[in-house]
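Enquirer: The structure is given below, and queries will be raised subsequently.
None of the figures in this text is laboratory data; all of them are computed from the coordinates on show. Please read these numbers as outputs of a predicted model, since none were measured by experiment. Ideal geometry is used to build each Cβ from the backbone, glycine not excepted, and the neighbour counts take in all protein chains shown.
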Amino acid sequence: MKNNVIAIGLDSAEPTLLEEWMAQGHLKNLRKLIEQGTYGRLKNMDYYKGESAWTNFLTGCLPFKTGYWSKFEFNPKTYQTKTLGAHGAYDYREISPFYALGDKYRVAVFDVPQTTISDRVNGLQALAWGAHAPMIDRGSQPEGLLEELIGKYGDHPADTFHHNDRSDWYNPASVAKLKREMELGLQRRTAITKDLLSREPWNLFLTVIGETHTFQHYFWHLSQKDHPLYKYTATPDKDPLLEYFEAVDESLGEILAEAPEDAHIMVFSAHGQGTNSADLLSMVVLPEFLYRFSFPGKSLLKSQEMGMTPPAPLTPKNIKESWYKQLHAFKNDPDRVARFLRFVEPALPGRFKPYLSKLYQKIAKVTGSPQTELFSWHPSKWYQPYWPQMKAFYIPGFSDGYIRLNVQGRESQGVVSASEYKAVCDELIEQLHQLKDARNGKPIVKGVVRTRENPYDDNPKLPNADLVVMWEDWAVDVVDSPKFGRIGPIPFNRTGAHRARGFVTVKGPGIAAGSTLKEGHAVDLAPTILELLDAPIPEYMDGKPLLSVKVFA
């Protein structure tokens, strides 16, 4: 017997916040769902938690099976990193999205990130309308559906497809602009979702509210007192993050008013967020640490001397410039031409700026300068010209710290022999565990994962990193190493970052009201939805249905 299931994801919604707010009487629609059904916490991968979460959900498999860890692929011959495919999502060639159920089920999928248009969906699909980091081409099935929806309701105002759903905490105008865009985006999303849901009684209706992801990234410091910027930026008795989730809760109420009475309703989050403890440590501190590890006595990042009292959190001087551009002021640049071009770049008319990087690359060939990543958006790229000479280097990412050793016979210019591999890993781990927050003296590394014992293991399902650094859960802007000195202080970037925890609530026929689920995993969501649909669950899935008893009559 086929059943109707409506599954709504709240992208990256943090369960500890939701539970706290519901206990205070907020989020009445979500609270009502939980009271009428069952609720439980989820966990996801402890590492690569920001990059792999959606693929884990969509396949019901862990990265060890899909081989998908990150949007970036490293080439050991060229020392270059590139985006997988067109935009970085998993290609779903080996394992299809769980909702690709064939002709027997009528399925609607709207704005789920990092997935694909599948020819095995009998219904409709509209992707990359306004998902955060969609990592896929815009598209729909039937063709023209997405254009129809945009023509009727409008595009997402934040241009999420080009990753413009961002702001800089030190620029009040950009923060206010993002807030307006997220509010209007949610209104348009709600209208589109209600329209699609009402078109027919779908066997499965799957959608994701992506604005929750963006809002937590950029408004955490205005809501949560555990962030160091809170006392400098927040308004007492005003919580824009809570206010936004209240609007999301109202959207849920509007959407679910369109649901058939006998449908199973699921609301979930495959991962959550907390104070950003990753951006600075992974993108800035770790690359600099590895540079100093390989070249003792040298540094590319301007930093304080050990023992000095750290200043208050740094506020960039030019509030109209992005964090990525501001960070170049902290670079010890040995190249005078690069310093000059960075100095003149802000004064140039916009039409000339795209040509600067090409001009500099031509100059660099003459001067022999390694500073080819003149205007890179990712600070770790500063170090890429030195990777062939380094023992280990950081591979760009968006959550944990990804370390690749430069191994002889694996990398084209490797410097670490196979016999040294384990010892270098051991030394790195020892030194990483000695890193401390210069403000409170506490260690900042929660753990380091070894992804392989043999550096020549060519299993394509393994990640590019040899070591993955997991950071503690508080924001850090200045770090001390007893061996390599102080790194920072550095101005904060996004103020919220990913955590490995999520949640799920389900209500409907056969579900006991007020019941509680045991903690599950994000890969359990797909088989749970399939069980609710009374659809077959593929044997290859790592996940298992979360509901302990058969819920169907």
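Enquirer: Filter the GluC sites (Glu not before Pro) in segment 50-126 to those in DSSP coil with at most 14 other Cβ atoms within 10 Å of their Cβ, and list the result.
Expert: Hits after loop and neighbour filter: 94.
Enquirer: In the neighborhood of residue 507, defined by Cβ-to-Cβ distances under 13 Å, what is the net charge if each Lys or Arg adds +1 and each Asp or Glu adds -1?
Expert: -1
Enquirer: Applying a 10 Å radius around every beta-carbon, put 488-500, 430-442, 380-392 in order of their mean neighbour count, most first.
Expert: 488-500, 380-392, 430-442
Enquirer: Something else now. Quick one: check the C-alpha center-to-center distance for segment 14-87 versus segment 209-231, whole angstrom.
Expert: 18
Enquirer: On a straight-distance basis, which aspartates and glutamates could pair with residue 544 in a cross-link, Cα separation under 13 angstrom, same-chain partners fewer than 8 positions away excluded?
Expert: Once the sequence-local aspartates and glutamates are set aside, what remains near residue 544 is 519, 524, 531.
Enquirer: Determine, from the Cβ-Cβ distance of residue 408 and residue 359 and an R0 of 35 Å, the FRET efficiency 1/(1 + (r/R0)^6), rounded to the nearest 0.05. Mind showing how you got there, number by number?
Expert: Values: r = 36 Å, r/R0 = 1.03.
For residue 408 and residue 359, the calculated efficiency is 0.45.
Enquirer: Then there is this: Using the Cα gyration tensor of segment 424-489, with a ≥ b ≥ c the square roots of its eigenvalues, what is the shape: rounded (a/c below 1.5), prolate (a/b larger than b/c) or oblate (neither)? Walk me through the intermediate numbers first.
Expert: On the way: a/c = 3.07, a/b = 2.17, b/c = 1.42.
Verdict is prolate for segment 424-489.
Enquirer: If you don't mind, there's one more thing I want to ask. Put a dot 7 Å past each Cα toward the Cβ at residue 309 and residue 340; how far apart are the dots in nm?
Expert: Between residue 340 and residue 309, the simple spin-label model gives 4.2 nm.
Enquirer: Oh, and also: What is the sum of charges around residue 10, taking Lys and Arg as +1, Asp and Glu as -1, for the other residues whose C-beta is under 11 Å from the C-beta of residue 10?
Expert: Charge balance in the 11 Å sphere: -4.
Enquirer: Tell me, what is the FRET efficiency for residue 515 and residue 459 to the nearest 0.05, using R0 = 45 angstrom and their Cβ-Cβ distance as r? The partial results should precede the final answer.
Expert: Numbers: r = 41 Å, r/R0 = 0.91.
Given R0 = 45 Å and the Cβ-Cβ separation, E is 0.65.
Enquirer: Quick query: amide H of residue 438 versus all other amide H atoms, modeled in the peptide plane; which residues come in under 5 Å with a sequence gap of 5 or more or a different chain?
Expert: Long-range HN contacts for residue 438: 478, 479, 480.
Enquirer: OK, next. Can you list the aspartates and glutamates whose alpha carbon sits under 14 Å from that of residue 483, skipping same-chain ones fewer than 8 residues off?
Expert: Of all the aspartates and glutamates, those that pass the test against residue 483 - Cα under 14 Å, at least 8 places apart if same chain - are 288, 305, 427, 430.
Enquirer: At each listed q (0.12, 0.18, 0.21, 0.24 Å⁻¹), what is the log10 of I(q)/I(0) that the Debye formula gives for segment 156-226 modelled as equal alpha-carbon point scatterers?
Expert: -0.40, -0.74, -0.90, -1.07
Enquirer: Then there is this: Below 10 angstrom from the Cβ of residue 88, what's the summed charge of the other residues (Lys, Arg +1; Asp, Glu -1)?
Expert: 0
Enquirer: Per residue of segment 69-83, what does 6.51 cos²θ - 1.76 cosθ + 1.60 with θ = phi - 60° give for ³J(HN,Hα)? Whole Hz please, x for Gly and Pro, Karplus curve as stated.
Expert: So the Karplus estimates, Gly and Pro as x, are 10, 7, 6, 9, 10, 9, 9, x, 7, 9, 6, 10, 10, 9, 6 Hz.
Enquirer: By a straight-distance test (C-alpha under 17 Å), which aspartates and glutamates pair with residue 320 as possible cross-link partners, with residues fewer than eight away in the same chain excluded?
Expert: Of all the aspartates and glutamates, those that pass the test against residue 320 - Cα under 17 Å, at least 8 places apart if same chain - are 165, 168, 345.
Enquirer: Decide, for segment 75-184, between rounded, prolate and oblate: order the square roots of the alpha carbon gyration tensor eigenvalues as a ≥ b ≥ c, take rounded if a/c falls under 1.5, and otherwise choose prolate if a/b is larger than b/c, else oblate.
Expert: It comes out oblate by the Cα gyration axes.
Enquirer: Here is a further query. Show me, bin by bin at 20 Å from 0, the whole-percent P(r) of the chain based on Cα pairs.
Expert: 21, 53, 25, 1
Enquirer: Show me 96-103, 539-546 ranked by packing, highest mean number of other Cβ atoms within 10 Å first.
Expert: The peptides rank, most packed first, as 96-103, 539-546.
Enquirer: Now, a different point. Between residue 93 and residue 138, what FRET efficiency comes out of the Förster formula 1/(1 + (r/R0)^6) with R0 = 30 Å and r the beta carbon distance, rounded to 0.05?
Expert: According to the calculation, E is roughly 0.90.
Enquirer: Next up: If you stretched the chain out fully between residue 430 and residue 198, how much longer would it get, using 0.36 nm times the residue separation minus the C-alpha to C-alpha distance?
Expert: 77.7 nm
Enquirer: Under a point-charge model restricted to the Cβ atoms of Lys and Arg (+1) and Asp and Glu (-1), what is the dipole moment magnitude of the chain relative to its Cα centre, in debye to the nearest 20?
Expert: Its charge dipole is roughly 1760 debye.
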